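Here is the structure we will look at.
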Amino acid sequence: MIRRPVTSPWANSACLGYLNAHVYNQSVIHPLVAAFLQRCDAVCLDGIGAIVAVSLFGRVCLDRVIMHQLFDFSIAAGLVRGPVVLFGLSAEEITSTARKLRRAAPMADFVAIHHGFHQDQEYRAILQDHADASLVLIGMGSPRSEQILLFASEICHRALCWHVGAGTLKQWAGTKRRAPALVPQLCLEWLHRMIFEPQTRTRYMTGIPLFVRHLLTAAAASGHGSGE
């Protein structure tokens, strides 16, 4: 996990995000994704590609932190508490997710639960109605999640604005298959998803070469590729 310095130019809100090959590709294409990652107080290196990139270009070895495991641990440890805003997924999925989270996190008060298909102004209005929230959990795709989280960080000044990911919430909803424990240990979630989530195959087949190209471009621009 990458953490920002303790001193921060922002108010009391904090942001937690994650980085994998797909999110990195999105950050190159969408300035809002890059802006959110820069805004984050901590970023989980969720994907094996992110770990390899940091090792090669950053010349530092960091641990991998899988976002859905971090979220599940936080639930089990009783860290999800206080007024919580929850956005993401379809209306049916987010209702199911909230029902299960309420049982698993009895110290949390889910004050707002909404699907991931509202307009910007609607999300802003919901956040303003719950500006005193202690936690904003969002699981949409990129760049939508990052955009709404930036809104949340401006409005909810006491909140941790957490990009838990759509996959994390889908696992709680029961609409995404959880991988056996051995799969993440072997860094084979990508293979598990390609087998059980055929719709992700194009993302991996086209996204990984694009990720490598973006990394090489960034390395060349920063001088890493010149032997300096």
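Within segment 143-155, how many residues turn out to be crowded, with 24+ Cβ neighbours inside 10 Å and over 15 Å from GLN119 (Cα atoms)? Please lay out each step first, then the result.
Our first condition is that a residue be crowded, with 24+ Cβ neighbours inside 10 Å; within segment 143-155, this holds for 145-146, 148-149, 152.
If we keep only those that are over 15 Å from GLN119 (Cα atoms) as well, we get none.
Residues that pass the stated criteria total 0.
Go over the candidates ARG158, ARG124, ARG193, ARG178 one by one and state the one that is modelled with pLDDT under 95, closer than 19 Å to SER13 by Cβ, surrounded by fewer than 21 Cβ atoms within 10 Å (Cβ to Cβ) and not acidic (Asp, Glu).
Numbers: ARG124 fails: modelled with pLDDT under 95; ARG193 fails: closer than 19 Å to SER13 by Cβ; ARG178 fails: closer than 19 Å to SER13 by Cβ.
Only one candidate qualifies: ARG158.
Taking the condition of being of a type outside the set (S, T, N, Q) and surrounded by fewer than 18 Cβ atoms within 10 Å (Cβ to Cβ), how many residues in segment 71-97 meet it? It would help to see each step written out before you state the result.
Of the residues in segment 71-97, the ones of a type outside the set (S, T, N, Q) are 71-73, 75-89, 91-94.
Now drop any that are not surrounded by fewer than 18 Cβ atoms within 10 Å (Cβ to Cβ), which leaves 72-73, 75-79, 81-82, 91-92.
The number of residues fulfilling the criteria is 11.
What pairs come out if I take residues in segment 42-63 that are at pLDDT 85 or above and pair them with residues that are polar (S, T, N, Q) whose C-beta lies under 6 Å away, six or more apart or interchain?
Every condition considered, the pairs that remain are ASP46/ASN20; GLY47/ASN20; ALA50/ASN20.
Can you confirm whether SER8 is at pLDDT below 95 and farther than 17 Å from ALA218 by Cβ? Explain how you work it out, then say what you get.
Working: at pLDDT below 95: yes; farther than 17 Å from ALA218 by Cβ: yes.
Answer is yes for this residue.
Please work out which residue is surrounded by the fewest Cβ atoms within 10 Å (Cβ to Cβ), limiting yourself to segment 20-58 and to residues that are among the small types (Gly, Ala, Ser) and in a helix (DSSP H, G or I).
Filtering segment 20-58 down to residues among the small types (Gly, Ala, Ser) leaves 21, 27, 34-35, 42, 47, 49-50, 53, 55, 58.
From what is left, the residues that are in a helix (DSSP H, G or I) are 21, 27, 34-35, 49-50, 53, 55.
On the way: ALA21: 24, SER27: 21, ALA34: 16, ALA35: 15, GLY49: 22, ALA50: 22, ALA53: 21, SER55: 12.
Step by step, filter segment 20-58, then rank; the result is SER55.
For segment 155-179, what are the residues that are in contact (Cβ under 8 Å) with a residue 12 or more places away in the chain and in a loop (DSSP other than H, G, I, E, B)?
Step one: filter segment 155-179 for residues in contact (Cβ under 8 Å) with a residue 12 or more places away in the chain, giving 155-177, 179.
Residues satisfying the conditions are CYS156, HIS157, ARG158, ALA159, VAL164, GLY165, GLY174, THR175, LYS176, ARG177, ALA179.
What are the pairs, 6+ residues apart or on separate chains, where a residue within segment 77-88 that is in a strand (DSSP E or B) has its Cβ under 6 Å from a residue that is buried (at least 18 other Cβ atoms within 10 Å of the Cβ) and among the aromatic types (Phe, Trp, Tyr)?
VAL84/PHE110; LEU86/PHE110
The values are calculated or read from the model by the stated rules, or taken from the named source; none is laboratory data. Note that the structure is predicted; figures quoted are calculated from it, not measured. Virtual Cβ from ideal backbone geometry, glycine too; neighbours counted across all protein chains shown.
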